[in-house]
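The values are calculated or read from the model by the stated rules, or taken from the named source; none is laboratory data. Note that the structure is a prediction, hence the values are computed from the model and not measured. Cβ atoms come from the backbone with ideal geometry, glycine included; neighbour counts cover every protein chain shown.
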Amino acid sequence: MSLLVPVRQLRWWLCGLLFAATALSFLDRQVLSVLAPVITEQLGMNNVEYSRVTTAFLVSYAVMFLVGGWLLDRLGTRLGMALSVGLWSVASAVHALVQNAFQLGACRFLLGAGEGGCFPGAAKGVAEWFPQRERALAMGIAIGGASLGAVVAPPLTVWLAEIAGWRGVFAVTGLMGVAWVVVWWALSREVARLPAVAAELSGTRTEEQQTAAGPREDRPTLAALLCRLDVWGLALVRFIVDPVFYFYMFWIPKYLNHERGVSLQQIGELTWIPFLALGLSNVAGGWTSDRMIRSGLPALTARRLIMAAAAALTIASSFAGRMQTVAMALTMMSLLMLAHGFWVTNYVTVISERFPKGAVGTVMGFAGAVGAVGGMLANTAIGWVVDHFSYGPVWLASGLMYPLAFVVLLLTVGSRTPDGRNTVPAPAQFSEGSTR
């Protein structure tokens, strides 16, 4: 037993590195949106051109989310994550050299190509290293780094811009990613070489085989997966809700600056708040549903209940644009991001529990690619709607997407997979007294 303690610690250390990777991914993509008022002015870009630049990111992100997930299932988490973070870090640094909107769009395209493998890699790593009773918490931590990156991005970006200019910000964040790759490559190698790790992971897989009634870990082809209704349902869920999240990622600083008169310095002081709510709920959402399972609820039921409550909460965001003060508008935005954290942690956990480990990256990649396509279409439309009308229709739509997505989830993701395998383990298997 004593040999397993350091192994468990190392597993959580790797989870911490995945947390850092997702943090870097959101930090790097948020730098542009925070600096958008300055960059668009210096490069002479209007809203439509800005939307095209952000869409360039989403195009490659959609493609590489799919391809990256597939590659991660074949290359493994260690090499796949190193390549992913390395590519987007170089792309981030190259932003410092752009001279026009086209070059900026090209850099965003490369950034998306690298970042496409990040979240499939994080989901795959957690699925490989953690038993089901701990998985939602670990998943919340791993993907919760995204919110930390988004929280840190506004004040850090503004501070660095004051010191080194907006070009210097991109150079610094690129170097941070390179440093992560070095640490990840060294630590993941050492963990893989420890004999106790294999025993611990073998025990985890045995437990999963007992709880999921799926004894064989295979790698179904993408074609086979696409024949399943639940795969399309999970992808459609992303298609519906991802545009809302990308709107918050890419457009909120511009909205606050142009519609509310908020300065760049104030953007750095304020726009981290909704993402702090996201970070807290990422972890809380995983802990809560894991706790519900231990108290006796079937796993899928627990995940669904959390997602239902989150979907109901997002309706409040429709009123963000109607608030009289910036503080009240940010409160409405924070409610949506709080709900998104509960939602996304349990959504990703459902995928990790429903499919063989050899297919988790592929399913995550496919769903993320479909979500990015939705974000791409919506992002292009937002630029046109804002230029010709206002942000009003966008705020209205943002409050309706999560309830719609939850209905899709209920209709397409049942307690049994198409092959008849039960995905709702008996509550007794997750009691407090259960052991590894």
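Summary of computed values
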quantity: Counted residues, segment 87-133 - those being within 13 Å of Leu72 (Cβ to Cβ) and over 19 Å from the mean Cα position of the chain (by Cα); calculated: 0
quantity: Candidate set: segment 1-19, residues that are over 17 Å from Trp180 (Cβ atoms) and buried (at least 19 other Cβ atoms within 10 Å of the Cβ); chosen: the one modelled with the lowest pLDDT; calculated: Val7
quantity: Residue within segment 95-102 that is among the aromatic types (Phe, Trp, Tyr), assigned to a helix (DSSP H, G or I), modelled with pLDDT of 85 or more and out of contact with any Leu (no Cβ under 8 Å at 6 or more places or on another chain) present; calculated: yes
quantity: Residue in segment 20-43 that is more than 23 Å from Pro253 (Cα to Cα) and surrounded by fewer than 24 Cβ atoms within 10 Å (Cβ to Cβ) present; calculated: yes
quantity: Of all residues making up segment 381-407, the number that are crowded, with 16+ Cβ neighbours inside 10 Å and within 18 Å of Arg52 (Cα to Cα); calculated: 6
quantity: Qualifying residue in segment 217-235 (condition: modelled with pLDDT of 80 or more and under 20 Å from Asn379 (Cβ atoms)); calculated: yes
quantity: Pairs, first outside any helix (DSSP H, G or I) in segment 381-403, second among the aliphatic types (A, V, I, L, M) and surrounded by fewer than 19 Cβ atoms within 10 Å (Cβ to Cβ), C-beta under 9 Å, six or more apart; calculated: Tyr391/Val385; Gly399/Ile315; Gly399/Ala316; Leu400/Ile315
quantity: Positions within segment 327-346 being of a type outside the set (A, V, I, L, M, F, W, C) and either crowded, with 24+ Cβ neighbours inside 10 Å or in contact with a strand residue (DSSP E or B) (Cβ under 8 Å, 6 or more places away or on another chain) (or both), in sequence order; calculated: His340, Gly341, Thr345, Asn346
quantity: Failed item, numbered, when Val48 is tested on (1) in contact with a helix residue (DSSP H, G or I) (Cβ under 6 Å, 6 or more places away or on another chain); (2) crowded, with 19+ Cβ neighbours inside 10 Å; (3) closer than 18 Å to Pro243 by Cα; calculated: (2)
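Here's the yes/no breakdown for (1) under 20 Å from Ala146 (Cβ atoms); (2) touching a residue at least 40 places away in the same chain (Cβ under 8 Å); (3) in contact with a Cys (Cβ under 7 Å, 6 or more places away or on another chain):
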| site | (1), (2), (3) |
| --- | --- |
| Met292 | no, no, no |
| Ala308 | no, yes, no |
| Ala312 | no, yes, no |
| Met333 | yes, yes, no |
| Glu353 | no, yes, no |
| Val360 | yes, yes, no |
| Met364 | yes, yes, no |
| Ala367 | yes, yes, no |
| Leu377 | no, yes, no |
